[in-house]
Amino acid sequence: MDVTSGPADEIQVDELEVYARVGVTENERAKPQRLTLTITVWPVEPFEKLQDDIANATNYSAICVTVRDFAAERSDRLIETLAAELAAKLLHTFAIRKVRLELRKFVLPDAKYVAVIVTRRAAD
């Protein structure tokens, strides 16, 4: 299904705090570091079809638990890898058509943060 057609309902979780072992050097990966994620998902079902029933909705609380657990279990050199793998995990686990992740790492002393952004769509 083409995400550009049909309803454009989306759910956004803004700046979810997670901890992950990520970094190019072993020293950087030695202990989990704070990252934040802004997650936007486009559910398969439009909001009008939910019938005000949580059982029919995309559970954003469960998405946050999945994101935290996934990040905590990994040890990646690149935040790009973590973001891409996390997007694939969410598409595989939840009834969503599309996901956009902005992953922020607070590593450079002269910058507020470094961010990578990935957008992925479910296979048709």
Original post:
Has region 110-117 got at least one residue that is in a strand (DSSP E or B), within 18 Å of Glu10 (Cα to Cα) and in contact with a helix residue (DSSP H, G or I) (Cβ under 6 Å, 6 or more places away or on another chain)?
Top reply: no
Original post:
Is there any pair linking a residue in region 110-121 that is among the β-branched types (Val, Ile, Thr) to one that is open to solvent by less than 90 Å² (accessible area, probe 1.4 Å) and assigned to a strand (DSSP E or B), with Cβ under 6 Å and at least six apart or on different chains, and which?
Top reply: Val114/Lys105; Val116/Leu103; Ile117/Glu102; Val118/Leu101; Thr119/Arg100
**OP:** Identify, by number, the condition in (1) free of Cβ contacts under 8 Å to residues at least 40 places away in the same chain; (2) within 15 Å of Tyr19 (Cα to Cα) that Ala84 doesn't meet.
**Re:** (2)
**OP:** Would you be able to say whether some residue in region 50-67 is in contact with an Asp or Glu (Cβ under 8 Å, 6 or more places away or on another chain), open to solvent by 40 Å² or more (accessible area, probe 1.4 Å), assigned to a helix (DSSP H, G or I) and on the phi < 0 side of the Ramachandran plot?
**Re:** yes
Original post:
open to solvent by 40 Å² or more (accessible area, probe 1.4 Å) and in a strand (DSSP E or B) - does that describe any residue in region 83-101?
Top reply: yes
Original post:
Limited to region 7-23, what total is found for residues that are in a loop (DSSP other than H, G, I, E, B) and either in contact with a His (Cβ under 8 Å, 6 or more places away or on another chain) or charged (D, E, K, R) (or both)?
Top reply: 2
Original post:
Being under 15 Å from the mean Cα position of the chain (by Cα), farther than 15 Å from Ile117 by Cβ and surrounded by fewer than 16 Cβ atoms within 10 Å (Cβ to Cβ), is that true of even one residue in region 11-31?
Top reply: yes
Original post:
Between a first residue in region 27-50 that is closer than 30 Å to Leu108 by Cβ and a second residue that is open to solvent by less than 50 Å² (accessible area, probe 1.4 Å) and of a type in the set (Asp, Glu), which pairs have beta carbons less than 9 Å apart while being 6 or more apart in sequence or on different chains?
Top reply: Arg29/Asp76; Thr36/Glu102; Leu37/Glu102; Thr38/Glu102; Ile39/Glu102; Thr40/Glu102
**OP:** Report yes if Ala62 is under 19 Å from Val22 (Cα atoms) and modelled with pLDDT of 95 or more, otherwise no.
**Re:** no
Original post:
Within region 51-81, how many residues are in contact (Cβ under 8 Å) with a residue 40 or more places away in the chain and not polar (S, T, N, Q)?
Top reply: 12
Original post:
How many residues does region 100-124 contain that are over 17 Å from the mean Cα position of the chain (by Cα), among the β-branched types (Val, Ile, Thr) and modelled with pLDDT of 95 or more?
Top reply: 0
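The values are calculated or read from the model by the stated rules, or taken from the named source; none is laboratory data. Bear in mind that the values here come from a model prediction, so they are computed numbers and not experimental data. Every residue, glycine among them, receives a Cβ derived from its backbone with ideal geometry; neighbour counts consider all protein chains shown. Just so you know, the surface numbers come from the protein's heavy atoms only, side chains and all, with ligands and any DNA or RNA stripped out. Shrake-Rupley method; radii C 1.70, N 1.55, O 1.52, S 1.80 Å.
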